[in-house]
Amino acid sequence: MSDIVFSIETEVRWRDLDAFGHVNNASYLGYIEEARVRWFKSLSADWANETSAPILAAITANYRKPIGWPETLRVELFCDRLGTKSVTLGHRIISSTASDTLYCDGNTVLVWVNGAGQSIPLPEAVRAACRSN
């Protein structure tokens, strides 16, 4: 596993639960998205604008264990692959109080595009953050 490039802690909200009393699978994707957006914002205030932005090309989520409520989660991001126009970020969702409790892992592929939807080179801030780990 690569070094962590970014992590956040987040609380499970009551509204994240499904009828069975555990976190709905779509909420896992929201937690991962929040970590990605916060990471990008930490790299550059102008990480997405009218001339360029990342789009999600693919996502893999391995649901390892149901998440209950209440729970505080830690979402960790890793740079699995650094391309010219895309980056593959690994992710893990674990319990912040019991780090050996793995709820989800997998990866996302993000491609930077211009206003016309054509792929463009990754921003240097993303490249530098991935290279330093």
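Where a number appears in this text, it was derived from the coordinates with a stated rule and is not lab data. All of these numbers come straight from a predicted model, not from anything done at the bench. All Cβ positions, even for glycine, are placed from backbone atoms using ideal geometry, and neighbour counts span all protein chains on display.
In terms of overall dimensions, the chain has a Cα radius of gyration and Dmax of 15.3, 45 angstrom. Taking amide H atoms as placed 1.01 Å from N in the peptide plane, the amide H of A48 has no partner under 5 Å among residues 5 or more positions away or on other chains.
Starting from 0.36 nm per residue, how many nanometres of slack lie between T60 and R13 once their C-alpha separation is accounted for?
On the way: separation 47, 0.36 × 47 = 16.92 nm, distance 2.30 nm.
Here the segment from T60 to R13 would lengthen by 14.6 nm.
How high is the relative contact order of the chain? Use alpha-carbon pairs under 8 Å, at least six apart in sequence, and give a whole percent. The partial results should precede the final answer.
On the way: 258 pairs, mean separation 39.7, N = 133.
Once divided by the residue count of the chain, the mean separation gives 30 percent.
Placing unit charges on the Cβ atoms only, positive for Lys and Arg and negative for Asp and Glu, gives the stretch 14-89 a dipole magnitude near 200 debye about its Cα centre.
Residue by residue, the stretch 13-18 carries 3J(HN,Hα) couplings of 9, 3, 5, 6, 7, 9 Hz when phi is fed to the Karplus relation 6.51 cos²θ - 1.76 cosθ + 1.60 (θ = phi - 60°); x denotes Gly or Pro.
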